[in-house]
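Let me begin by presenting the structure, written as structure tokens, before commenting on it.
Please treat every number below as a calculation from the coordinates, not as lab data. For clarity, every value in this text was computed on a predicted model and none was experimentally measured. Glycine gets a Cβ as well: all are built from the backbone with ideal geometry, and neighbour counts include every protein chain shown.
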Amino acid sequence: MPSLDHLLATEAAAGRECAGCNVCCELPVVIELAKPARTRCSHLGGCLCQIYTERPKSCRAFNCLWLRGVLDLALENRPDHSGVLLDAYVRQPGNETRIVATEAWSGAADLPQTRQTLESLAAIATVIVYYRDGRQSTITSQERGDAVAPRVE
Ligand code: SF4
Ligand code: SF4
């Protein structure tokens, strides 16, 4: 089980590479480029960033939870295979760590293995799931750290 510190550590884990994945070039907002969420970046050529050496600061800073080593190394957990991009942030006010799970394609967040991953992460921090169709759900564990059934709102 990863710790809160591990959730928020931004560096890529040793031995992990984005390789052919570019999910974070589509799903998140890139403020510097005025790129909206869920829109393929105009600088993406095939699987590669065409302005890699000059890419914006937010692109340089972003590493998803798979790349940070929070999720198991298995390739099926990488966002281009799982269909779910995971990130964590500290919500203010309140200083509460939250995990954000964003679907790249419909149904991905409900696949049994992914659901299991999200529910186990909910033991560490509240998980907000953003579905492809615009729905949103929250997965929490009422007693963090304990093996209790997650509550889904
Ligand atoms: S979603 Fe993760 S693995 Fe995929 S390109 Fe972005 S940081 Fe790399
Ligand atoms: S600028 Fe490059 S790294 Fe940033 S979102 Fe676009 S393609 Fe991806």
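Of note:
- Span per principal axis, largest first, for the Cα atoms of the stretch 77-142 (Å): 32, 21, 19
- When peptides 79-92, 33-46 are ranked by their average number of other Cβ atoms within 10 Å per residue, the highest-first order is 79-92, 33-46.
- Placing dummy labels 7 Å off each Cα toward the beta-carbon, the span from Gln136 to Cys47 is 3.3 nm.
- Cα-based helix-to-principal-axis angle, 112-121 vs the chain, degrees rounded to 10: 70 degrees
- Average projected area [Cα convex hull, the chain], square nanometres: 9.4 nm²
- Rounded to whole numbers, the Karplus 3J(HN,Hα) couplings from phi for the stretch 37-47 are 5, 6, 9, 4, 5, 5, 8, 8, x, x, 9 Hz, using 6.51 cos²θ - 1.76 cosθ + 1.60 with θ = phi - 60°, and x at Gly and Pro.
- Where labels lie 7 Å past Cα in the beta-carbon direction, separation of Glu11 and Asp72 in nm: 2.6 nm
- Centroid-to-centroid separation of the stretch 61-130 and the stretch 1-40 [C-alpha atoms, Å]: 11 Å
- Size of electric dipole in the stretch 14-153: Cβ of Lys, Arg +1 and of Asp, Glu -1, about Cα centre, debye, nearest 20: 380 debye
- Here the sum of -39500 (n - 2.57) over DSSP H runs of 4 or more residues, divided by the residues of the chain, equals -3500 deg cm²/dmol at 222 nm, to the nearest 500.
- Derived scalar couplings ³J(HN,Hα) [the stretch 6-12; Karplus, 6.51 cos²θ - 1.76 cosθ + 1.60; whole Hz; x for Gly, Pro]: 5, 4, 9, 5, 8, 6, 5
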